[in-house]
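Worksheet: one structure, shown below.
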Amino acid sequence: MTMITTISALAEACTHLARFDAVTVDTEFLRETTFWPKLCVVQMASPERAFVVDALAPGLDLSPFFDLMRDEAVLKVFHAARQDIEIIWHLGGFVPHPVFDTQVAAMVCGFGDSISYDQLVARVSGAHIDKTHRFTDWTRRPLSASQLAYAEADVTHLRDVYRHLAATLERKGRTDWVAEEMEVLTSPETYRSDPDEAWLRLRMRLKKSRELIVLKEVAAWREREAQGRDVPRSRVLKDDTLFEIATHAPTTVAALGELRTVPRGWERSRAGEDVVAAVTRALEIPKEQWPRAPKGRQAPEGSGAVVDLLKVLLKQVSDDEGVAAKIIATVDELEEIAADDGADVPALRGWRRELFGERALAVKRGEIAFAYDGKRVVTVEMPGRAPAAAKSAAE
């Protein structure tokens, strides 16, 4: 393992790594006290060498690392890549490509839902990874020998995991499935954060349009404030306070101070004045532009039983095909399929439709039934109820 603290050493390492078709990558970061993750360490490995980069080394320029992440000729292999990619997006302004996420690939290859890295390594190679430093303070310097060993292991064992999963995908004809998932993971839209959309990420408790427009404006203010100060959203304003403000819509500092969840005196701060201004601004928006609470989907009569059948089918397909149920379909998707054959959900698109979606629709049409063979539930084609695809071909 080579420890890197200078740009010249980093450039040399990235030149070495760029010679290979695939490299493994990981990052160590902290974000408990910040809005944006604080990058502390970058680990990279080729089939021959491993490197640990001290991202906090004084004056270190990460440009060679970003150049490697942009290199279309090099596949970047991560495990649970989303937060690593988010860091590169924030610091470098781009999404690395191409990417291979071993956690996603593991779900497609039958390793269960969201398997952890250490569990995956143990199952693939039998190696044991000491996770003592999983929650270590990566900002403290100097890094200890055990921290460096932990960091190195996160990318050296990943080489074996990648080779095993890539071979399994090739053998099962599922390489394209993972490639389809990587298109979403590497889309810039996945990482763009629009403050005006922040309210949509909240667990909705409100129903009135007046409450929703206030919530939208105040949540947008909180998002910009948290980003600008680089602090967690809850440090600016807690979710419960957002909802109370949206419910009561205080248009004066005094009214804001009367709310139960607002700390005493906070309403007289600059932030308090900003919130009152956001509420006022929201109420001045023409009513026809206020958002409407999403209406609950009216489930057709008997659809609850259909959802139950689809859950059984999902379990059976997951077990038989060796694909994690979580990546095939969600319960919400099953409910939408039960209500509408043309539901616009991932389970009815691409490889998921081929694997599960067509069978789900066949269950709804009565073309597939379930039976117990003494060991497990199996599907049975109903006599005289030919699948729709077969009927179309005959016609």
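None of the figures in this text is laboratory data; all of them are computed from the coordinates on show. Everything quoted here is computed from the prediction, not taken from an experiment. Every residue, glycine as well, gets a Cβ built from its backbone with ideal geometry; the counts of neighbours run over all protein chains shown.
At-a-glance table
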item	result
Efficiency of FRET from Cβ geometry, residue 378 and residue 36, R₀ 56 Å, rounded to 0.05	0.65
Sites residue 160 and residue 208, calculated FRET efficiency, Cβ-Cβ separation with R0 56 Å, nearest 0.05	0.50
Cα pair distances exceeding 19 angstrom across the range 2-190, given as percent	58 percent
Rg/Rh ratio calculated on Cα atoms of the range 303-394 (Kirkwood radius)	0.95
Two-site label geometry, residue 370 and residue 70: point separation in nm, points 7 Å out along Cα→Cβ	5.3 nm
Computed lengthening from residue 49 to residue 254, 0.36 nm per intervening residue step minus Cα-Cα distance	67.5 nm
Two-decimal log10 I(q)/I(0) for the chain, as the Debye equation yields it once each C-alpha is a single scatterer, q = 0.06 Å⁻¹	-0.35
Nearest-0.05 FRET efficiency for residue 305 and residue 135, computed from C-beta distance (R0 51 Å)	0.70
Cα-based Rg and Dmax for the range 195-289, where Dmax is the largest Cα-Cα distance (Å)	12.2, 36
Overall Cα dimensions of the range 94-160, principal axis frame, Å, largest first	39, 35, 19
For the range 172-224 versus the range 50-117, the gap between their alpha-carbon centres in whole angstrom	21 Å
Point-to-point label distance, residue 183-residue 94, nm (Cα→Cβ direction, 7 Å offset)	2.2 nm
Paramagnetic reach from residue 125 (point 7 Å along Cα→Cβ, amide N under 15 Å) across the range 75-93	77-79
Amide H partners (placed H, <5 Å) of residue 100, local residues excluded	76, 77, 78
Principal axis dimensions, the range 21-120 - Cα atoms, whole angstrom, descending	44, 34, 24
